[in-house]
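The next block holds one structure in the form of structure tokens; read it before the comments.
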Amino acid sequence: MQNYLTPNFSFAPVIPDRALGSRLWDTEGKEYIDWAGGIAVNALGHCHPELVKTLTEQAQKMWHVSNIYTTLPAQDLARKLVEHTFADKVFFCNSGAEANEAALKLARKYARDHYGPEKCEIIACINGFHGRTLFTVSVGGQPKYSQDFAPLPPAITHIPFNDISALEVAVSERTCAVIIEPVQGESGVLPAEREFLQTARRLCNRHHALLILDEVQTGMGRSGKLFAYEHYGIVPDILSSAKALGCGFPIGAMLTTDKIAPSFGPGTHGSTFGGNPLACAVGSRAFDLIHNEATYRNIEKQSEKLQTGLAELGKETGLFQTVRGKGLLIGCVLAEGYENQAAVLTQVALKHGLMVLVAGSNVLRLAPSLLLNNEDVEEGLIRLRAAMTDFLSGH
Ligand SMILES: *Cc1c(COP(=O)(O)O)cnc(C)c1O
């Protein structure tokens with residue numbers, strides 16, 4: 001097939017055509033189990049009937065009015081986010097990068113408003129990922145995503161993830177914000193240690209800096225709680241959400257408190273599409289379907305089942321050295337001798353009817369539907385086992 005898109009993506013050799021729940025069919029009619037979830041987006045699987053209903057109802061009613069107006073769906077979703085988190089105020093945008101862009105801009109402006117322009121330094125983590133805008137690739141700790149786009153925005157310092165003493169050295173009176181992913185997603189499904197996040201919180205308090213948690217990937221139930229910070233006994237000053245927030249309809253959000261929000265006064269920041277009624281209506285319905293006991297119980301149950309099954313497969317084949325993660329964000333670290341083979345393994349899995357992700361070059365990442373059922377787990381493990389055997393026979 002002729003490809004009319006810019007060559008920045010290397011597309012898989014199959015073309016998805018339709019999907020339902022955790023199953024997907026390509027243009028040839030072949031069936032897949034979807035453990036990739038559109039990169040941790042499809043938290044309620046594909047075409048959830050309640051979301052289809054909400055989307056089509058809103059589509060008949062009103063699509064877009066811009067931020068010259070607010071709408072009931074936008075206020076409705078914002079209220080739910082405020083009522084169930086640390087936050088008092090919400091800014092809507094369309095993606096994770098935009099939510100982080102807003103978070104970083106707000107932190108710089110808040111520090112300038114209250115302490116002056118010298119307080120502008122951002123502390124971030126090596127191997128962190130915060131999106132693909134120029135500011136967010138600069139803050140992200142992976143030079144391969146930023147170096148070719150220099151000159152980059154200044155006053156950004158990177159420290160090793162989970163390195164408490166490096167954090168203590170880096171945070172100072174010049175720091176306006178520390179930004180951390182509670183679980184580093186893109187670079188290897190690596191959870192933050194409790195002491196690391198608690199130290200970040202303490203240092204931010206001491207130096208009047210803001211703690212930004214990037215929960216674009218870990219948020220909206222993925223970790224087994226609404227937001228992953230709930231596992232750590234701390235609250236952030238600013239939090240970014242996207243990916244599962246719209247369960248496949250593009251939407252991002254930046255959450256913050258009444259103390260900080262006033263620095264985003266009228267005209268300071270904006271978005272044409274942010275708060276779009278279609279996106280917010282879907283997000284609001286998705287919120288109810290994610291944030292309830294039955295869903296959290298399922299996440300816990302299937303996470304355990306999946307991690308046990310994966311650890312067994314790893315042991316049996318010698319292909320995984322560890323299985324780690326939180327909730328239904330799971331990483332299988334490839335064993336010695338199979339370094340950098342994660343992408344090859346995803347291609348083999350696809351042949352066996354299973355969609356999985358990589359995280360970095362050395363970790364197989366799973367981010368399935370939070371409504372995954374027993375059969376999706378059991379059949380997926382059978383297909384993964386066949387793929388692993390196939391992979392090893394070609395080795
Ligand atoms: C995916 C991701 C982003 C970027 O989100 P986009 O919607 O692709 O802009 C930012 N931060 C984290 C932690 C992510 O996983």
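The values are calculated or read from the model by the stated rules, or taken from the named source; none is laboratory data. Every value quoted in this text rests on a predicted model; they were computed, and no experiment measured them. FYI the Cβ positions are ideal-geometry reconstructions off the backbone, even for glycines, and counts take in every protein chain you see.
Some notes on this structure:
- Looking only at segment 18-38, and only at residues there that are in contact with a helix residue (DSSP H, G or I) (Cβ under 7 Å, 6 or more places away or on another chain) and not polar (S, T, N, Q), the one that is farthest from ARG383 (Cα to Cα): TRP35
- Top-ranked residue of segment 342-395 - restricted to ones that are closer than 21 Å to LYS301 by Cβ and of a type in the set (Gly, Ala, Ser), ranked as surrounded by the most Cβ atoms within 10 Å (Cβ to Cβ): ALA367
- Given (1) more than 16 Å from the ligand (Cβ to nearest atom); (2) in a loop (DSSP other than H, G, I, E, B); (3) among the aromatic types (Phe, Trp, Tyr), number of the condition PHE9 does not satisfy: (1)
- Listed by first and then second residue, the pairs linking a residue in segment 301-315 that is in the same structural domain as ARG365 (by the TED database) and under 13 Å from LEU364 (Cβ atoms) to a residue that is exposed (fewer than 14 other Cβ atoms within 10 Å of the Cβ) and of a type in the set (Ser, Thr, Tyr), with Cβ atoms under 7 Å apart and 6 or more places separating them unless they lie on different chains, form an empty list.
- Taken as a whole, the structure leaves THR71 outside the set of residues that are within 24 Å of HIS208 (Cα to Cα) and more than 16 Å from the ligand (Cβ to nearest atom).
- Scope segment 83-96; condition farther than 17 Å from MET62 by Cβ and touching a residue at least 40 places away in the same chain (Cβ under 8 Å); matching residues: HIS84, THR85, PHE86, ALA87, ASP88, LYS89, VAL90, PHE91, CYS93, ASN94, SER95, GLY96
- Elements of type helices (runs of 4 or more DSSP H) in segment 93-206, at least 2 residues being more than 16 Å from the ligand (Cβ to nearest atom): 96-115, 164-170, 194-206
- Selection within segment 343-395 - out of contact with any helix residue (DSSP H, G or I) (no Cβ under 7 Å at 6 or more places or on another chain), small (Gly, Ala, Ser) and not in a strand (DSSP E or B): ALA343, GLY360, GLY380, ALA386, SER393, GLY394
- Considering segment 311-342, and only residues there that are in a strand (DSSP E or B) and of a type in the set (D, E, K, R), the residue that is nearest to HIS395 (Cα to Cα) turns out to be ARG324.
- Being among the polar types (S, T, N, Q), over 20 Å from the mean Cα position of the chain (by Cα) and closer than 21 Å to PRO160 by Cα holds for only one residue in THR257, THR199, THR218, and it is THR199.
- Screening segment 306-341 for residues that are hydroxyl-bearing (Ser, Thr, Tyr) and within 20 Å of ILE33 (Cβ to Cβ) and picking the one that is surrounded by the most Cβ atoms within 10 Å (Cβ to Cβ) gives THR317.
- Given (1) surrounded by 18 or more Cβ atoms within 10 Å (Cβ to Cβ); (2) in contact with a strand residue (DSSP E or B) (Cβ under 9 Å, 6 or more places away or on another chain), number of the condition CYS47 does not satisfy: (1)
- Selection of segment 12-26 for residues being over 14 Å from GLY37 (Cα atoms), in contact with a Ser or Thr (Cβ under 7 Å, 6 or more places away or on another chain) and either at pLDDT below 95 or not in a strand (DSSP E or B) (or both) yields only ILE15.
- Residue pairs meeting the criteria (Cβ under 6 Å; at least 6 apart or on separate chains; first more than 11 Å from LYS305 (Cβ to Cβ) and in contact (Cβ under 8 Å) with a residue 24 or more places away in the chain, in segment 367-384; second of a type in the set (Ser, Thr, Tyr) and not in a loop (DSSP other than H, G, I, E, B)): LEU370/THR295
- Qualifying residue in segment 244-263 (condition: within 15 Å of LEU104 (Cβ to Cβ), aliphatic (A, V, I, L, M), more than 13 Å from the ligand (Cβ to nearest atom) and buried (at least 24 other Cβ atoms within 10 Å of the Cβ)): yes
- Scan segment 270-308 for residues that are over 24 Å from GLU83 (Cβ atoms) and in a loop (DSSP other than H, G, I, E, B) and the total you get is 3.
- Flag for ALA209 being of a type in the set (A, V, I, L, M) and either at pLDDT below 95 or more than 16 Å from the ligand (Cβ to nearest atom) (or both): yes
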